[in-house]
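The values are calculated or read from the model by the stated rules, or taken from the named source; none is laboratory data. Not measured: the values here are computed from a predicted model. Virtual Cβ from ideal backbone geometry, glycine too; neighbours counted across all protein chains shown. Keep in mind that these areas ignore ligands, DNA and RNA; they rest on the heavy atoms of the full protein, side chains included. Shrake-Rupley method; radii C 1.70, N 1.55, O 1.52, S 1.80 Å.
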Amino acid sequence: MKKLLIIMLMIASAMAYAQSPEAMKKIEAAKIALITERLELSPQQAEKFWPIYREFGNKRLEIRREFDQARKTFDSNKATEEENKKMLEMANQVKERQLKLERAYSERILNVITTRQLNNLRKAENDFKEMLLKRIRAEQMKRQKQRRNDGRLNDRRN
């Protein structure tokens, strides 16, 4: 529980810097700490696990970026029926590629960790995303409230 609190503090401090490279490094460090704790990785497992996991993450990101790039230039309201079908097919292909990638890396990872640890990995990833999203929302609400308060203060001064 103490480690979880430290992780949350790391996320909070990283969020203060918005999306700077330093913030991203802190967020990644918090994610690594959470996963290491949840999986209870031995030093031997960690040594083998993290290179595979990073490689998997990079390939997953690569697939996501390819699709994001295609979506940036796509406007479904202006696209023809054929173009809309192509975009839907591309989305399905991306999902298939992601599933194949996950299967392949699950097999590789299972050579290093147990099935229990792999299940805990998926849960830890989801929990981390939830914590991060909650923190982002809280920071946004805090900024909005501060702006409102600043606006009221300026109104009173005028």
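General remarks:
- Checking each residue in the stretch 104-125 for being surrounded by 14 or more Cβ atoms within 10 Å (Cβ to Cβ) and closer than 10 Å to Arg38 by Cβ picks out Gln117, Asn120, Leu121, Ala124, Glu125.
- The lone exception for Asn77 - which of (1) under 24 Å from Lys31 (Cβ atoms); (2) not in a helix (DSSP H, G or I) it fails: (1)
- Tally of residues being under 28 Å from Leu39 (Cβ atoms) and either open to solvent by less than 70 Å² (accessible area, probe 1.4 Å) or in contact (Cβ under 8 Å) with a residue 12 or more places away in the chain (or both) across the stretch 65-101: 4
- Scanning the stretch 38-62 for residues that are part of a helix (DSSP H, G or I), without any contact (Cβ under 8 Å) to a residue 40 or more places away in the chain and of a type in the set (S, T, N, Q) gives Gln44, Asn58.
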